[in-house]
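Q: Input: one structure, supplied below.
The values are calculated or read from the model by the stated rules, or taken from the named source; none is laboratory data. Not measured: the values here are computed from a predicted model. Please note: Cβ atoms are built from the backbone with ideal geometry, for glycine as well, and neighbour counts cover all protein chains shown. Please note that ligands, DNA and RNA were not included when accessible areas were found on the heavy atoms of the full protein model with its side chains. Shrake-Rupley method; radii C 1.70, N 1.55, O 1.52, S 1.80 Å.
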Amino acid sequence: GAGVSQSPSNKVTEKGKDVELRCDPISGHTALYWYRQSLGQGLEFLIYFQGNSAPDKSGLPSDRFSAERTGGSVSTLTIQRTQQEDSAVYLCASSPRGLGDTQYFGPGTRLTVL
Amino acid sequence: KQEVTQIPAALSVPEGENLVLNCSFTDSAIYNLQWFRQDPGKGLTSLLLIQSSQREQTSGRLNASLDKSSGRSTLYIAASQPGDSATYLCAVNGFGNEKLTFGTGTRLTIIP
């Protein structure tokens, strides 16, 4: 079946612009995660959604970062007033129930801030 | 704060050899541990998931072990093949939260 998809695959933007990254999880998966992978920091957790519960935003690095999940499916990660240090690969994952289930990752969006 | 370490950072071995990748973590209060592989420019592929109550999991030529009390896991790859070349990441899932804490990975190269 279809896996986790993300769009765009690559995004180049200028410093100060806003960007939106999209994630389509595996159908039926209730849990959705965003991670960031950068050269200096490795792979870091950003935010977690589970069903209709309030999201765990503990990994968001600043208030310029926000995410929403509409209808329990598609998620959008928004970065406002992008900075060069935001350049990274943003990975989305989903799992059937959360609760420590296997997480299935999308191919990622490579963000470059000039 | 959980910290996950993987040593070595890079490893090259001839095709056909068996090999072991290491992962250590500082907080033994984990829910489970996962091993992933990542190919260049790609996302992560889950290889094995070990629950905290388990000692090992096997899938084909891969075997992962977990010693929770000592904060260690190993990934054993038997009869390595060039297609095994990738970066291998371990990640732990702590109790009370759903996020994975990742190690920095081991870049594996299998030499034909």
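Q: Taking the condition open to solvent by 70 Å² or more (accessible area, probe 1.4 Å) and within 14 Å of the chain's Cα centre (by Cα), does residue A:58 pass?
A: It is true that residue A:58 is open to solvent by 70 Å² or more (accessible area, probe 1.4 Å) and within 14 Å of the chain's Cα centre (by Cα).
Q: Hey, among the residues in the range A:33-45 that are more than 9 Å from chain B (Cβ to nearest Cβ) and at pLDDT 95 or above, which one's most open to solvent (accessible area, probe 1.4 Å)?
A: Within the range A:33-45, the match that is most open to solvent (accessible area, probe 1.4 Å) is A:36.
Q: Applying the selection to the range A:1-32, what residues are within 14 Å of chain B (Cβ to nearest Cβ), among the hydroxyl-bearing types (Ser, Thr, Tyr) and in contact with a Ser or Thr (Cβ under 9 Å, 6 or more places away or on another chain)?
A: A:7, A:9, A:30
Q: Residues of the range B:84-112 being touching a residue at least 24 places away in the same chain (Cβ under 8 Å), more than 10 Å from chain A (Cβ to nearest Cβ) and surrounded by fewer than 15 Cβ atoms within 10 Å (Cβ to Cβ), which ones?
A: B:109, B:111, B:112
Q: Only one residue in A:102, A:78 is touching a strand residue (DSSP E or B) at 6+ places or on another chain (Cβ under 6 Å), at pLDDT below 95 and surrounded by fewer than 21 Cβ atoms within 10 Å (Cβ to Cβ). Which one?
A: Only one candidate passes the filter, namely A:102.
Q: Counting just the residues of the range A:65-75 that are out of contact with any Asp or Glu (no Cβ under 8 Å at 6 or more places or on another chain) and within 18 Å of residue A:19 (Cα to Cα), which one comes out surrounded by the most Cβ atoms within 10 Å (Cβ to Cβ)?
A: Among those that are out of contact with any Asp or Glu (no Cβ under 8 Å at 6 or more places or on another chain) and within 18 Å of residue A:19 (Cα to Cα), it is A:67.
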